[in-house]
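J.: Let me give you the structure first, and then I'll get to my questions.
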Amino acid sequence: MKDQWGREIDYMRVSITDRCNLRCCYCMPHGIPWAPMADILTLEEYAQIVSCGAALGIRKVKVTGGEPLVRLGCCDFVAMLKQIPGIEQVTITTNGVLLGRYLEGLLAAGVDGVNISLDTLDAGLYRALTGAGELEQVLNAIKEAVKSCKGRKVPVKVNAVSLNLSEVAKQLGYAYHGPGWPELLELAKGYPVDVRFIETMPIGYGKQYPPVGHQEMLSYLKRQYPGMERDEGFHGHGPATYYRIPGFQGSIGFISALHGKFCHNCNRVRLTSKGFLKSCLCYEDGVDLRKILRGSETGQRKQDQLMEGMRQKIWGKPAAHCFEYPEHVTEYENMAKIGG
Ligand code: SAM
Ligand code: SF4
């Protein structure tokens, strides 16, 4: 359906857990309490909400978290979503740690795309930044995913938050120098994967890590790769701007939520692991669908209430975020709770 500003809202990000097996410093550092399991929706409850979303025009779903692969039944959930009439595309974003174990299950369930989050190719910094992660495991997962997804035409993308890695390392007490992010391009050179940089957003712990501006990154890359040019090919429905570098198998994408504000084209809503539907990342506003799901109404009346709550929130979606005025940001949750 369209919102009050005429934007077609057809994409829902669904966070199926607030738990994670990593502790990325900008997202969920050590010591963050998790919600009691009873507060987290069951997979059937998320699916019920997605069904209502589909009736309102949602066509694409991103399964996220926390780390979605730590939620038991994640592959079955993907299969469940794929059965919902109207849902055309189900993709997942993961830190990759458990991907080796679940890749075949996801593909069998019909997943349409796999995004793997990875911010550095320095094994020590990766461990420091993620609190626990083993880089080798994620690199192997990327290689495996590329191999298995290729024949099935399932795109694999690598997402990196645009961080000043020397600054991050300093804050974490790890010795590291250099920008770090240019090394990630090696993945797009060696494999048919798009490497996308996402401007760090001032949500939760992300506020402590000032983003590296994408203009600055682009200027650097253009000096390094004079043959680099805009890639106008289709890479999905997201807001990334892509570039091709001669000799590279994948493209380089920039998702510039702050400096290339794309709110006028925003097509998404977000469902948190507790069943709270948010229409903009920036504001705490939303509708508590869990309350409706677990309320006293039954059958069609419950369904009607869910639909009405969702319809109102989608229609009332704010025109734009206000990240450029951090004092106006009202969202206080961590990214892991919201799903990114
Ligand atoms: N655990 C999964 C993963 O890492 O892909 C899914 C959840 S994670 C919250 C989704 C994405 O949000 C990741 O790519 C992560 O890097 C990104 N993210 C977390 N905090 C962020 C922030 N403050 N600004 C921008 N992206 C952020
Ligand atoms: Fe976990 Fe993903 Fe957040 Fe890292 S970014 S702590 S992997 S949810």
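The values are calculated or read from the model by the stated rules, or taken from the named source; none is laboratory data. Not measured: the values here are computed from a predicted model. We place every Cβ from the backbone using ideal geometry, glycine too, and count neighbours over all the protein chains shown. SASA here: full protein model, heavy atoms, side chains in, ligands and nucleic acids out. Shrake-Rupley method; radii C 1.70, N 1.55, O 1.52, S 1.80 Å.
Condition check ((1) over 18 Å from Gly213 (Cβ atoms); (2) open to solvent by 10 Å² or more (accessible area, probe 1.4 Å)) across all residues:
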| position | (1), (2) |
| --- | --- |
| Lys153 | yes, yes |
| Val158 | yes, no |
| Lys170 | yes, yes |
| Gly180 | no, no |
| Pro192 | yes, yes |
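J.: Just to be sure I understand, how many residues within region 75-93 are among the small types (Gly, Ala, Ser) and in a helix (DSSP H, G or I)? If you could, list the steps in order and put the result at the bottom.
T.: Quick first cut of region 75-93, residues among the small types (Gly, Ala, Ser) only: 79, 86.
From what is left, the residues that are in a helix (DSSP H, G or I) are 79.
Final tally of qualifying residues: 1.
J.: In addition: Could you give me the residue pairs with C-beta distances under 7 Å whose first residue belongs to region 154-179 and is assigned to a helix (DSSP H, G or I), whose second residue is at pLDDT below 90 wherever it lies, and which are 6+ apart or on separate chains?
T.: Correct list of pairs: Leu165/Pro179; Leu165/Gly180; Ser166/His177; Ser166/Gly178; Val168/Tyr209.
J.: Separate question: Go through the residues of region 135-149 one by one and say whether even a single one is more than 13 Å from ligand 1 (Cβ to nearest atom), outside any helix (DSSP H, G or I) and not β-branched (Val, Ile, Thr).
T.: No, every residue in region 135-149 fails to be more than 13 Å from ligand 1 (Cβ to nearest atom), outside any helix (DSSP H, G or I) and not β-branched (Val, Ile, Thr).
J.: So Lys337 fits all but one of (1) at pLDDT 90 or above; (2) of a type in the set (D, E, K, R); (3) within 23 Å of the chain's Cα centre (by Cα); (4) over 23 Å from Gln4 (Cα atoms); what number is the exception?
T.: (1)
J.: Which residue is farthest from Lys207 (Cα to Cα), if the candidates are limited to region 249-264 and must be at pLDDT below 85 and of a type in the set (A, V, I, L, M, F, W, C)?
T.: So the residue we want is Phe262.
J.: Shifting gears a bit: Quickly run through region 305-326 and pick out the residues that are surrounded by fewer than 19 Cβ atoms within 10 Å (Cβ to Cβ) and either modelled with pLDDT of 95 or more or within 21 Å of Arg268 (Cα to Cα) (or both). Even if it seems obvious, please write down each step before you answer.
T.: Looking only at region 305-326, we keep the residues that are surrounded by fewer than 19 Cβ atoms within 10 Å (Cβ to Cβ), and these are 305, 307-308, 311-312, 315-316, 318-320, 322, 324-326.
Once the filter is applied, which keeps residues that are surrounded by fewer than 19 Cβ atoms within 10 Å (Cβ to Cβ) and either modelled with pLDDT of 95 or more or within 21 Å of Arg268 (Cα to Cα) (or both), region 305-326 yields Gln305, Met307, Glu308, Arg311, Gln312, Trp315, Gly316, Pro318, Ala319, Ala320, Cys322, Glu324.
J.: Taking Leu129 and the conditions (1) under 21 Å from Gly113 (Cβ atoms); (2) crowded, with 22+ Cβ neighbours inside 10 Å, which numbered condition does it fall short on, given that it satisfies the others?
T.: (1)
J.: Do the conditions hold for Val61, that is, is it within 15 Å of ligand 1 (Cβ to nearest atom) and in a strand (DSSP E or B)?
T.: Details: within 15 Å of ligand 1 (Cβ to nearest atom): yes; in a strand (DSSP E or B): yes.
Against the criterion (within 15 Å of ligand 1 (Cβ to nearest atom) and in a strand (DSSP E or B)), Val61 qualifies.
J.: Within region 218-240, identify whether any single residue is out of contact with any strand residue (DSSP E or B) (no Cβ under 8 Å at 6 or more places or on another chain), farther than 20 Å from Val193 by Cα and within 16 Å of ligand 2 (Cβ to nearest atom), and answer yes or no.
T.: Scanning region 218-240, I find no residue that is out of contact with any strand residue (DSSP E or B) (no Cβ under 8 Å at 6 or more places or on another chain), farther than 20 Å from Val193 by Cα and within 16 Å of ligand 2 (Cβ to nearest atom), so the answer is no.
J.: Something else about it: Give all pairs with beta carbons closer than 6 Å in which a residue from region 327-340 that is open to solvent by less than 20 Å² (accessible area, probe 1.4 Å) and within 8 Å of ligand 1 (Cβ to nearest atom) meets a residue that is part of a helix (DSSP H, G or I) and at pLDDT below 85; count only pairs at least 6 apart in sequence or on separate chains.
T.: Pairs found: none.
J.: Would you please name the residue that is nearest to ligand 2 (Cβ to nearest atom), looking only at residues in region 25-79 that are open to solvent by 30 Å² or more (accessible area, probe 1.4 Å) and in contact with a strand residue (DSSP E or B) (Cβ under 8 Å, 6 or more places away or on another chain)?
T.: Of everything passing the filter in region 25-79, Tyr26 is nearest to ligand 2 (Cβ to nearest atom).
J.: Further question: Which residues, counting only those in region 9-24, are more than 11 Å from ligand 1 (Cβ to nearest atom), open to solvent by less than 10 Å² (accessible area, probe 1.4 Å) and part of a loop (DSSP other than H, G, I, E, B)?
T.: Hit for region 9-24 is Ile9, nothing else.
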